[in-house]
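Worksheet: the structure to be examined is printed underneath.
The values are calculated or read from the model by the stated rules, or taken from the named source; none is laboratory data. Here the structure is a predicted model, which is why all the values come from computation and not from measurement. Positions of Cβ are backbone-derived with ideal geometry, glycine not excepted, and every protein chain shown enters the neighbour counts.
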Amino acid sequence: MDEKWRNFQEFMNKEPKLQGALAGISIRSRETGQLLYEHMGDTRLHPASNMKIFSCASGFAVLGENYTFSTEIWIDGEIKDNTLNGNLYIKGKGDPTLLPQDFKNLAQVIKEKGIQEIKGNIIGDDTWYDDVRLSQDLNWNDEHYYYGAQVSALTVSPNEDYDTGTIMLAISPGNKVGDKPVITLTPLTNYIKIINKAVTTESNGEEDEAEITVIRQHGNNDVVVEGRLPIYSASLKEWVAVWEPTDYALELFQNALKKIGISNSGKVIRGVTPKQANLLYVRESISLSDLSVPFMKLSNNGHGEMIVKELGKVVKGEGSWDCGLNIMEETLEKLGVDTSNLIIRDGSGISHVTVIPPNEISKFLFRIQKEPWFNSFYRSLPVAGDEDRMVGGTLNDRMYGLEVNAKTGTIMGVSTLSGYLKTKEGEELIFSIMLNNLLDEEDGPGIIDNLVEYIVTEKSKTIVS
């Protein structure tokens with residue numbers, strides 16, 4: 001081993017927080033793919049959200065950069081005298097970009113089609129995907145967080161981060177000490193019930209931080225807010241994942257219809273669009289290339305899981321995790337991945353069962369450079385030190401001044417970073433750093449950043465024998 005790589009190894013060995021942990025590192029030439037350095041490079045490790053590298057690339061390879069998700073409006077009766085004598089269907093086909101405003105737009109379209117009254121039911125059709133809402137290894141205490149939101153083919157997001165199946169809470173101090181904080185929902189909805197047990201407290205100075213927890217109870221939409229909020233605190237924003245996102249979307253759709261003056265005499269329920277129904281309107285999402293930006297930059301778990309189900313639906317006609325993961329593995333094999341040497345259980349990386357060797361990730365990142373969709377993939381990666389959220393993403397406050405485009409990953413005990421960098425000497429490298437069994441995963445980014453900085457500033461063009 002070259003002296004400088006020995007120095008790098010010693011540098012890593014001296015990190016006390018890596019004692020007892022596992023550190024897998026793989027570094028390749030971006031130009032040739034030649035392996036320049038590895039440490040436990042063939043050891044299977046948990047990737048966390050580095051798994052999204054595979055799901056994003058699989059989406060591009062199978063669905064295409066210009067692929068869009070759709071939401072459809074159908075009717076199964078005649079329109080006469082501004083009355084629909086039949087049912088109105090809203091059919092979700094996996095669109096993760098539906099916003100509350102889009103339901104208003106759909107309502108306006110329906111009105112423009114001559115419908116002011118519906119003498120039938122309003123039916124939400126989410127059968128494009130199966131009804132399994134949570135991936136198989138999701139930790140039960142993550143299901144109320146935005147990153148553990150349930151997956152449905154008919155869902156809605158509160159803003160353009162596109163956190164599907166969630167509601168945003170703005171929590172502000174009350175008017176005086178002892179008051180309950182003021183909680184405002186986006187979108188405004190009665191779908192969740194807020195149980196406000198928090199309190200506004202005295203402020204003890206600039207370092208007096210809020211201590212607020214927001215937990216949705218299992219099996220319902222009762223959301224308990226507890227803790228303390230100093231009276232001079234800024235408003236806090238929290239996201240909560242709803243129980244049953246299809247019904248949440250249906251409520252917003254029904255409310256949009258009412259506000260525009262469209263009445264209905266039937267029920268608002270879930271169901272299946274009949275074959276004899278007539279298509280009234282189709283709303284298309286942004287392209288997969290554009291969606292990959294919030295997906296990868298912000299590490300959106302829901303997008304990863306929806307891509308998996310979409311792969312299964314488009315290729316095999318079954319929008320399930322089992323079918324989608326099979327398609328993903330077949331696609332990865334075509335892209336040169338040795339799938340016999342890894343375990344993939346979801347599309348987001350939240351699973352603690354998924355394991356991938358660092359060498360397999362770096363090899364994959366090299367091979368996909370020749371794919372026609374690579375530029376879209378590369379654009380989706382977080383950029384170190386860029387404070388624009390839709391550029392820097394999860395690296396917006398890390399590694400300022402370094403030329404690094406890479407995907408982050410964090411789950412309990414795991415911190416990872418894989419992507420592309422340029423050294424101070426101008427050499428372009430591909431790297432994968434996977435830290436597992438950390439006592440505190442929050443230590444991981446700092447350790448990884450130090451390792452990357454060493455690679456960028458200290459490494460010369462040498463090859464491990």
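Worth pointing out:
- Selection within segment 185-221 - closer than 22 Å to residue 100 by Cα and under 24 Å from the mean Cα position of the chain (by Cα): 185, 186, 187, 188, 189, 191, 192, 216, 220, 221
- In this structure, residue 97 does not satisfy being buried (at least 17 other Cβ atoms within 10 Å of the Cβ) and under 29 Å from residue 276 (Cβ atoms).
- Residue check, residue 191 in the same structural domain as residue 90 (by TED's automatic domain parsing), hydroxyl-bearing (Ser, Thr, Tyr) and at negative phi: no
- Counting only residues that are under 15 Å from the mean Cα position of the chain (by Cα) and of a type outside the set (Gly, Ala, Ser), segment 287-324 holds 18 of them.
- Scanning segment 1-27 for residues that are among the basic types (Lys, Arg) and within 27 Å of residue 298 (Cβ to Cβ) yields one hit, 17.
- Candidate set from segment 21-48 (those that are in contact (Cβ under 8 Å) with a residue 24 or more places away in the chain and among the β-branched types (Val, Ile, Thr)); member that is nearest to residue 339 (Cα to Cα): 43
- Residues of segment 130-144 that are within 17 Å of residue 347 (Cβ to Cβ) and outside any loop (DSSP other than H, G, I, E, B): 142 alone.
- Counting the residues of segment 74-103 that are farther than 18 Å from residue 286 by Cα, touching a residue at least 24 places away in the same chain (Cβ under 8 Å) and either assigned to a strand (DSSP E or B) or in contact with a Cys (Cβ under 8 Å, 6 or more places away or on another chain) (or both) gives 9.
- Within segment 52-69, the set of residues being of a type in the set (Gly, Ala, Ser) and either assigned to a loop (DSSP other than H, G, I, E, B) or under 14 Å from residue 293 (Cα atoms) (or both) comprises 55, 57, 59, 64.
- Filtered residues of segment 291-347 (kept if of a type in the set (Gly, Ala, Ser) and farther than 22 Å from residue 375 by Cα): 302, 312, 317, 319, 320, 324, 340
- The residue of segment 109-144 that is farthest from the chain's Cα centre (by Cα), among those that are aromatic (Phe, Trp, Tyr) and closer than 20 Å to residue 307 by Cβ, is 128.
- Residue that is farthest from the chain's Cα centre (by Cα), among those in segment 251-286 that are exposed (fewer than 12 other Cβ atoms within 10 Å of the Cβ) and part of a loop (DSSP other than H, G, I, E, B): 265
- Scanning segment 223-247 for residues that are of a type in the set (D, E, K, R) and either within 18 Å of residue 142 (Cβ to Cβ) or part of a loop (DSSP other than H, G, I, E, B) (or both) returns 238, 244.
- Of all residues in segment 148-168, none satisfies being small (Gly, Ala, Ser), farther than 30 Å from residue 123 by Cβ and in a loop (DSSP other than H, G, I, E, B).
- Some residue of segment 233-244 being over 28 Å from residue 302 (Cα atoms) and of a type in the set (Lys, Arg): no
- The set of residues from segment 144-186 being of a type outside the set (Gly, Ala, Ser), over 25 Å from residue 209 (Cβ atoms) and surrounded by 17 or more Cβ atoms within 10 Å (Cβ to Cβ) comprises 150, 151, 154, 155, 156, 162, 164.
- Considering (1) outside any helix (DSSP H, G or I); (2) modelled with pLDDT under 95; (3) of a type in the set (Asp, Glu), the lone condition that residue 10 does not fulfil carries the number (1).
- Subset of segment 169-193 that is in a strand (DSSP E or B) and hydrophobic (A, V, I, L, M, F, W, C) - its residue that is nearest to residue 233 (Cα to Cα): 171
- Looking only at residues of segment 107-129 that are touching a Leu at 6+ places or on another chain (Cβ under 6 Å) and part of a strand (DSSP E or B), we find that the one that is surrounded by the fewest Cβ atoms within 10 Å (Cβ to Cβ) is 122.
- Out of 34, 9, sole residue that is touching a strand residue (DSSP E or B) at 6+ places or on another chain (Cβ under 9 Å) and under 21 Å from residue 438 (Cβ atoms): 9
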